[in-house]
Amino acid sequence: MEKNVIVGQSGGPTAAINSSLAGVYRTAKDRGAKKVYGMLHGIQGLLEERYIDLADHIKTELDAELLKRTPAAFLGSCRFKLPEIHEDREVYEKIFSILDKLEIEAFIYIGGNDSMDTIKKLSDYAIITGHPTRFVGCPKTIDNDLALTDHTPGYGSAAKYIGTSMKEIIRDSFCLEYNKGLVTIVEIMGRNAGWLTGAAALSEGEDCEGPDLIYLPELPFDIRKFGERVKKLLAKKPSVVVALSEGIRTGEGKYVCELGNSVDFVDAFGHKQLSGTAAFLANYIAGELGCKTRAIELSTLQRSASHAASRVDILEAYQVGGAAVKAADEGDSGKMVVLQRLSDDPYQCGTEVKDVHKIANDEKLVPREWVNKEGTYVTNEFISYVRPLIQGDVSPVMVDGIPRHLYRPIELVRR
Ligand code: F6P
């Protein structure tokens, strides 16, 4: 590389997103980039000329190792949708003038399907105007819903956390007996894709029964049938544990969480804030069956638990960061790095690049055949797919009994 690289992080964070940032930084430096800039809060921050020189923050090997173990976007993230090029060229002129000023040769964006929309539009604009900067996407999302890649960095660590937490929740739920039984409902992220919720089945093994029911958002959810199923189970056992997605919807397409308190926050991509599904259903079950219920929303814990990250995930996140820089350096633009699984056992995976136009704004869902006939549990194929992704650990650097992170003082003033 002869000039500079800029990298941004966008969308919901993960426990592995900073490992990709470390991979981008290391590879860009190794390939000769003079400076590696980090956009603060993605493209939204870049538009306000907010960026840092990563060399000021990653000064030693220890810094790089800490970065890999630090959850949440080190650079800050955003959910920002660029206008269509024909709608507002001024925004693009502004971005490209900033890129020119910083002498940017490669623009790397670490994100999910919404963020790939940014790579798509910027690379299209570069083609239209004959601009030399290359734009490459680096996959990231706990939701695992990106098309054309076997899986996404961030998913393995979140799946590992969910499998582990489910096991701990199940263990806890059996130790205290209540008169009419206990129903525990665990709400898991993933919006419209059930990859994360299905990972609750990883808790099942020789020393754990696993959850009783798993409901993915891909299939319509029938509240009445759900109540009947729970009632039958409760007649046989003192504790019932249910894992379900934040995005489950009724047959009419209404999010279950909207049946309780109204959901009025909608982000720039039109996504409603999904939250409260477990609480709503726990109330429903308590009302119908008169038993004790507990609603657990794993919420941000599932995407920020870097103390329990998967080694495979952290290494692959680093690898895709490096592969994105390599692709841009070798002339690719308008592409995203994908992971290609070569085998399950032994697990082997490589990288490739694919056209970002075929990835942006799309959602890869769990195949119907990976869910049982009743729509209440995942199949063995699902488990065989996810199990290799949760293998191995990354020891946190412990200081005074708490994991140490790479710290960047945040701007406390709201813009
Ligand atoms: O996009 C990833 C994700 O973690 C989804 O699973 C979830 O629905 C969403 O982000 C939550 O986003 P936010 O933190 O903006 O509410």
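The values are calculated or read from the model by the stated rules, or taken from the named source; none is laboratory data. Remember, predicted model here, so these are calculated numbers, not experimental data. Here Cβ is always computed from backbone atoms with ideal geometry, including for glycine, and neighbour counts include all displayed protein chains. Ligands, DNA and RNA are excluded from the accessible area calculation, which covers all protein heavy atoms including side chains. Shrake-Rupley method; radii C 1.70, N 1.55, O 1.52, S 1.80 Å.
For the stretch 277-308, enumerate the residues that are of a type outside the set (S, T, N, Q), out of contact with any strand residue (DSSP E or B) (no Cβ under 7 Å at 6 or more places or on another chain), within 16 Å of the ligand (Cβ to nearest atom) and outside any helix (DSSP H, G or I). Listed by number, the list holds a single entry, ALA305. Of all residues in the stretch 74-90 being touching a residue at least 12 places away in the same chain (Cβ under 8 Å) and open to solvent by 20 Å² or more (accessible area, probe 1.4 Å), which is nearest to the ligand (Cβ to nearest atom)? Going through the qualifying residues, I end up with ARG79. Would you call ILE162 under 17 Å from the mean Cα position of the chain (by Cα) and not assigned by TED's automatic domain parsing to the domain that holds ASP313? Yes, satisfied.
Between ILE127, ILE110, the distinction of being modelled with pLDDT of 95 or more, touching a strand residue (DSSP E or B) at 6+ places or on another chain (Cβ under 9 Å) and among the aliphatic types (A, V, I, L, M) belongs to ILE110 only.
Just one of the listed residues (ASN192, ASN179) is assigned to a loop (DSSP other than H, G, I, E, B), out of contact with any strand residue (DSSP E or B) (no Cβ under 7 Å at 6 or more places or on another chain), surrounded by fewer than 16 Cβ atoms within 10 Å (Cβ to Cβ) and in the same structural domain as SER275 (by TED's automatic domain parsing), namely ASN179.
All conditions but one from (1) outside any strand (DSSP E or B); (2) open to solvent by less than 10 Å² (accessible area, probe 1.4 Å) apply to GLN44; the one that does not is (2). Any idea which residue in the stretch 195-226 is farthest from the ligand (Cβ to nearest atom), counting only those that are assigned to a strand (DSSP E or B) and in contact with a strand residue (DSSP E or B) (Cβ under 9 Å, 6 or more places away or on another chain)? Filtering first and then ranking leaves LEU213.
Does SER343 fit the bill of being in the same structural domain as HIS131 (by TED's automatic domain parsing) and over 26 Å from GLY111 (Cβ atoms)? Yes: the conditions hold for SER343.
The set of residues in the stretch 44-56 that are among the hydrophobic types (A, V, I, L, M, F, W, C) and touching a strand residue (DSSP E or B) at 6+ places or on another chain (Cβ under 6 Å) comprises LEU46, ILE52, LEU54. Consider the stretch 227-272 and keep the residues that are exposed (fewer than 14 other Cβ atoms within 10 Å of the Cβ) and among the hydrophobic types (A, V, I, L, M, F, W, C). The one that is nearest to the ligand (Cβ to nearest atom) is PHE265. Scanning the stretch 13-60 for residues that are within 19 Å of GLU2 (Cα to Cα) and in contact with a Leu (Cβ under 7 Å, 6 or more places away or on another chain) returns TYR25, VAL36, TYR37, GLY38.
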